Amino acid sequence: MLLYRVLSALVGIPLIVLAVWHGGLTLILLVGLIVILGLREMTGMLTRLEIKPSPWLAYAGGLIMAGGAYLYREGYPGPTITIILFLNLIAVIAFYPKYSLLDASVTLAGTLYVGLLNYLYLLRTLPDGWIWLIFMLAGTWSSDTFAYFVGRAFGKRRVAPVLSPKKTVEGMIGGIFGSTAAGIAFALIYPFLPVIEILVLGFLIGVAAFVGDLLESALKRQAGVKDAGNLIPGHGGVLDRFDSALFTAPLVYYYALLLIIR
């Protein structure tokens with residue numbers, strides 16, 4: 001399992017970094033692909049709960065969100081959310097009772113949840129966006145890595161045994177330490193960044209990554225599956241790999257935009 005995780009990281013990380021470096025259309029195409037794959041896994045899990053989400057409406061919503069992120073330069077556009085909402089409501093009218101309000105609600109919620117990955121692209125559009133996106137990725141990956149190894153080596157006290165029996169207090173602390181260490185590294189590499197704000201952000205990335213991981217565990221436990229998918233060897237599915245980024249990407253975007261860039 002660990003070998004597969006390492007090999008997947010050795011292949012995946014350079015591809016992501018290359019897309020981040022190019023930015024623009026290359027990055028939004030990669031993000032759009034990840035969103036579609038994530039929505040495929042999400043609708044699959046929801047179907048196991050005897051709910052009938054619409055995969056095609058979810059895919060359309062994911063592409064609309066990606067298109068909105070690419071076309072709008074003033075942050076995440078509200079009109080995209082409105083369009084996705086209207087599409088689901090119209091589908092209820094057109095296909096009721098095969099497609100109910102409950103089905104539309106979970107389709108919408110799943111679309112907006114997985115669509116948070118579009119903040120990976122939006123981070124790149126900020127001033128010095130390359131730095132912010134790499135910082136988010138490094139902080140998130142450091143948090144996940146430290147949480148995994150510290151939890152395996154020293155984990156004893158469970159954080160949320162009902163949601164995820166393997167998550168421990170020690171692993172959580174290790175993850176926060178890892179993301180904070182990434183903040184220290186970036187403060188040293190980029191001395192023009194405000195040190196205190198970067199260290200606080202590093203700490204918050206660790207907290208957000210842990211919360212994102214727990215939420216994904218709750219979804220999988222509710223659906224009765226071990227992994228959201230099996231696309232990435234050693235990691236599971238797209239949502240298993242990017243569950244933390246669903247929380248850390250919006251966090252870094254708004255933290256940088258409101259408190260540092262201004």
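Restricting the first residue to the stretch 201-230 and requiring it to be in contact (Cβ under 8 Å) with a residue 12 or more places away in the chain, which pairs with a second residue that is charged (D, E, K, R) and part of a helix (DSSP H, G or I) meet a Cβ separation below 6 Å and a spacing of at least six or different chains?
D227/D240; A228/E41; A228/D240; G229/E41
On the given criteria, is V114 in contact with a Lys or Arg (Cβ under 8 Å, 6 or more places away or on another chain), touching a residue at least 12 places away in the same chain (Cβ under 8 Å) and surrounded by 15 or more Cβ atoms within 10 Å (Cβ to Cβ)?
Considered against the rule, which asks whether it is in contact with a Lys or Arg (Cβ under 8 Å, 6 or more places away or on another chain), touching a residue at least 12 places away in the same chain (Cβ under 8 Å) and surrounded by 15 or more Cβ atoms within 10 Å (Cβ to Cβ), V114 comes out as no.
Which of the residues that make up the stretch 69-107 are in contact (Cβ under 8 Å) with a residue 24 or more places away in the chain, small (G, A, S) and under 28 Å from L27 (Cα atoms)?
Within the stretch 69-107, A69, G75 qualify.
Mind listing whichever residues of the stretch 146-169 are out of contact with any helix residue (DSSP H, G or I) (no Cβ under 6 Å at 6 or more places or on another chain), assigned to a helix (DSSP H, G or I) and closer than 13 Å to S244 by Cβ?
Y148
Only one of I205, I176 is modelled with pLDDT of 95 or more, on the phi < 0 side of the Ramachandran plot and in contact with a Phe, Trp or Tyr (Cβ under 7 Å, 6 or more places away or on another chain); which?
Details: I205 fails: in contact with a Phe, Trp or Tyr (Cβ under 7 Å, 6 or more places away or on another chain).
Just a single option satisfies the conditions, and that option is I176.
When you scan the stretch 127-139, do you find a residue that is among the β-branched types (V, I, T) and either touching a residue at least 60 places away in the same chain (Cβ under 8 Å) or crowded, with 24+ Cβ neighbours inside 10 Å (or both), even just one?
yes
Does the stretch 62-83 contain at least one residue that is among the hydroxyl-bearing types (S, T, Y) and in contact with a Pro (Cβ under 9 Å, 6 or more places away or on another chain)?
yes
Is one or more of the residues making up the stretch 149-172 surrounded by 24 or more Cβ atoms within 10 Å (Cβ to Cβ) and either on the phi > 0 side of the Ramachandran plot or of a type outside the set (A, V, I, L, M, F, W, C) (or both)?
Kept after step one, since they are surrounded by 24 or more Cβ atoms within 10 Å (Cβ to Cβ), are these residues of the stretch 149-172: 171-172.
Pick out the ones that are also either on the phi > 0 side of the Ramachandran plot or of a type outside the set (A, V, I, L, M, F, W, C) (or both) and you get 171.
Yes - at least one qualifying residue is present in the stretch 149-172.
Just for helices (runs of 4 or more DSSP H) wholly inside the stretch 170-262: which have at least 1 residues that are of a type in the set (K, R)?
Passing ranges, in order: 195-223, 238-242.
Please enumerate the residues belonging to the stretch 213-252 that are at pLDDT below 80, in contact with a Ser or Thr (Cβ under 6 Å, 6 or more places away or on another chain) and of a type in the set (A, V, I, L, M).
Scanning the stretch 213-252 gives a single hit, I232.
Checking the conditions here, which among L112, L85 is farther than 30 Å from A181 by Cβ, part of a helix (DSSP H, G or I), modelled with pLDDT of 90 or more and more than 15 Å from the chain's Cα centre (by Cα)?
L85
The values are calculated or read from the model by the stated rules, or taken from the named source; none is laboratory data. Bear in mind the structure is a predicted one, so any value in this text is a computation, not a measurement. Every residue, glycine among them, receives a Cβ derived from its backbone with ideal geometry; neighbour counts consider all protein chains shown.
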